[in-house]
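Asks: Take a look at the following structure, please.
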Amino acid sequence: MKKYAKIINEETKACDVGVGTDTKFYVSIGMVEMDVEQGNDGNWYVAGFAPHEPEPTVEEQNESIRQQRFLHMTTEADPLKYDYEEALARGADNVEELKAAWLAKKDEIREQLPYIAEETQASEEDISEA
C-alpha cells in the first residue's frame, strides 16, 4: 500500500511510516510516498521485504495432525470401541462386526490424517529448488 515512509534500516528495509494526513509534514522530515507493507512483527517495511510467518516444521505439522487424530479418535472411534467392549462382555453375537467397525474407523482416521515424513519434506524441497 502507498504511504509516506522513510527507510530507517537499509539492510532490512524497515521504515518509519506516516499514518496521518499531513503530507507536507511527512515530506519535510524526509518521507516519500512508497509501497510499504506491515510484517508479522508489527513493523513496516518496503513492499516485498517484510518478514512473514515461517512455514511450520514437520514436527509442528505432525503435532497438529496428532491433535486432530486424537479428536477424531475420541469422537468417532471410541464410541465404536465402547460398543465392541460391551458386546464382548455380554457375549453378544455381533462382537466381530463391532470390532471390525471400530478398527476400520481407526484405519480411516489414520488414512485421512497421515503424518508427514521427514524425507517427504526434503524431497519436496529438492524439487522446488530444481
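Asks: Scan the stretch 88-102 and give yes if some residue there is among the hydrophobic types (A, V, I, L, M, F, W, C), in a helix (DSSP H, G or I) and at pLDDT below 95, otherwise no.
Replies: There is no residue in the stretch 88-102 that is among the hydrophobic types (A, V, I, L, M, F, W, C), in a helix (DSSP H, G or I) and at pLDDT below 95.
Asks: Inspect the stretch 32-46 for any residue being touching a Lys or Arg at 6+ places or on another chain (Cβ under 8 Å), in a loop (DSSP other than H, G, I, E, B) and free of Cβ contacts under 8 Å to residues at least 60 places away in the same chain and give the result as yes or no.
Replies: Within the stretch 32-46 (the criterion being touching a Lys or Arg at 6+ places or on another chain (Cβ under 8 Å), in a loop (DSSP other than H, G, I, E, B) and free of Cβ contacts under 8 Å to residues at least 60 places away in the same chain), the answer is no, since none of the residues qualifies.
Asks: Right, something else. Select from the stretch 103-130 the residues that are among the charged types (D, E, K, R) and modelled with pLDDT under 95 and write down the one among them that is nearest to Glu59 (Cα to Cα).
Replies: Selected residue: Glu118.
Asks: What is the one condition in (1) surrounded by 11 or more Cβ atoms within 10 Å (Cβ to Cβ); (2) closer than 30 Å to Lys105 by Cα that Glu59 does not satisfy?
Replies: Among (1) surrounded by 11 or more Cβ atoms within 10 Å (Cβ to Cβ); (2) closer than 30 Å to Lys105 by Cα, the lone unmet condition for Glu59 is (1).
Asks: While we're here: Does the stretch 96-107 include one or more residues that are closer than 19 Å to Ala117 by Cα and exposed (fewer than 13 other Cβ atoms within 10 Å of the Cβ)?
Replies: Yes, the stretch 96-107 has at least one match.
Asks: Give me the pairs: first residue in the stretch 6-17 and farther than 10 Å from Phe49 by Cα and in the same structural domain as Glu33 (by TED's automatic domain parsing), second residue small (Gly, Ala, Ser) and surrounded by 12 or more Cβ atoms within 10 Å (Cβ to Cβ), beta-carbon distance under 9 Å, and six or more apart or on different chains, which are they?
Replies: Filtered contacts from the stretch 6-17: Lys6/Gly18; Ile7/Ala14; Ile8/Ala14; Cys15/Ala5; Asp16/Ala5; Val17/Ala5.
Asks: A further question on this structure: With the structure loaded, tell me whether Asp83 is over 32 Å from the mean Cα position of the chain (by Cα) and surrounded by fewer than 12 Cβ atoms within 10 Å (Cβ to Cβ) or whether it fails that test.
Replies: Criteria not met by Asp83.
Asks: Thr12 - would you say it is among the hydroxyl-bearing types (Ser, Thr, Tyr) and in a loop (DSSP other than H, G, I, E, B)?
Replies: Judged against the criteria, Thr12 is a match.
The values are calculated or read from the model by the stated rules, or taken from the named source; none is laboratory data. Values in this document were obtained by computation on a predicted structure and should not be read as measured data. Every residue, glycine as well, gets a Cβ built from its backbone with ideal geometry; the counts of neighbours run over all protein chains shown.
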